[in-house]
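Single-structure report; data block below.
The values are calculated or read from the model by the stated rules, or taken from the named source; none is laboratory data. Bear in mind that the values here come from a model prediction, so they are computed numbers and not experimental data. Neighbour counts run over all protein chains shown; Cβ positions are idealised from the backbone, glycine included. Note: areas computed on protein heavy atoms with side chains; ligands, DNA, RNA excluded. Shrake-Rupley method; radii C 1.70, N 1.55, O 1.52, S 1.80 Å.
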Amino acid sequence: MEDCIFCKIVAGEIPCFKVYEDERVLAFEDINPISEGHTLIMPKKHARNLWEIPEKDLTAIHLASQKVGNAIREALDPAGIAVLQLNGRGVNQVVMHYHLHLMPRASDHPELPVTCWEIKEGDMEAIKKTAEKIAEALE
Ligand code: AMP
Ligand code: ZN
């Protein structure tokens with residue numbers, strides 16, 4: 001993909017702080033980290049989002065997330081690691097090349113904003129209807 005910054009990283013045209021690579025996947029440090037060890041995992045082959053990524057690449061990324069997650073745990077001993085993946089401008093996906101964020105949080109650091117939303121009890125009838133709608137779309 002011509003103007004894709006992550007494809008340029010895969011091609012070696014832009015540098016990155018690589019932590020892991022295999023046939024399908026590249027993992028590297030986010031240069032605007034939310035926390036120490038904020039790592040991105042992406043497919044080497046361009047796909048914009050969850051709707052486009054081929055199954056094999058999706059699988060490879062999730063298997064890599066376990067490997068890299070283990071390494072982050074060993075290297076940094078975080079209190080926890082949040083995993084986040086954004087699809088579409090409407091949820092602030094900025095780089096339109098599929099990627100998974102691994103965001104560790106050190107025990108002496110404040111909460112990560114992405115992990116602390118307000119819990120409010122839902123409307124069970126509305127939830128039921130939505131579940132039915134989604135399940136129907138899966139048929
Ligand atoms: P998003 O598309 O919102 O899920 O996030 C894109 C992420 O890519 C942001 O956290 C950026 O800091 C990160 N990013 C953008 N350009 C680079 C780059 N050249 N190297 C590493 N991370 C990058
Ligand atoms: Zn790309």
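Observations, loosely collected:
- Subset of the range 57-83 (residues that are touching a Lys or Arg at 6+ places or on another chain (Cβ under 7 Å), assigned to a helix (DSSP H, G or I) and not acidic (Asp, Glu)): Ala60
- In the range 1-33, the qualifying residues are those that are part of a loop (DSSP other than H, G, I, E, B), under 14 Å from His101 (Cα atoms) and open to solvent by 50 Å² or more (accessible area, probe 1.4 Å), and the one that is nearest to ligand 2 (Cβ to nearest atom) is Ile31.
- Residue selected from the range 34-48 under the condition closer than 16 Å to Val10 by Cβ and surrounded by fewer than 19 Cβ atoms within 10 Å (Cβ to Cβ), by the criterion nearest to ligand 1 (Cβ to nearest atom): Arg48
- Of all the listed residues (Lys56, Lys18), the sole one being within 16 Å of ligand 1 (Cβ to nearest atom), closer than 24 Å to Met1 by Cβ, modelled with pLDDT of 95 or more and over 15 Å from the mean Cα position of the chain (by Cα) is Lys18.
- Residue list for the range 84-111, restricted to those being open to solvent by 90 Å² or more (accessible area, probe 1.4 Å) and either in contact (Cβ under 8 Å) with a residue 12 or more places away in the chain or not in a helix (DSSP H, G or I) (or both): Asn92, Val94, Ser107, Asp108, His109, Pro110, Glu111
- Set Ile127, Ile119: member being over 28 Å from Leu63 (Cβ atoms), open to solvent by 60 Å² or more (accessible area, probe 1.4 Å), among the aliphatic types (A, V, I, L, M) and assigned to a loop (DSSP other than H, G, I, E, B): Ile119
- In this entry, Val114 passes the filter for residues that are part of a helix (DSSP H, G or I) and modelled with pLDDT under 95.
- Residue in the range 72-81 that is at pLDDT 95 or above, open to solvent by 30 Å² or more (accessible area, probe 1.4 Å) and within 15 Å of ligand 1 (Cβ to nearest atom) present: no
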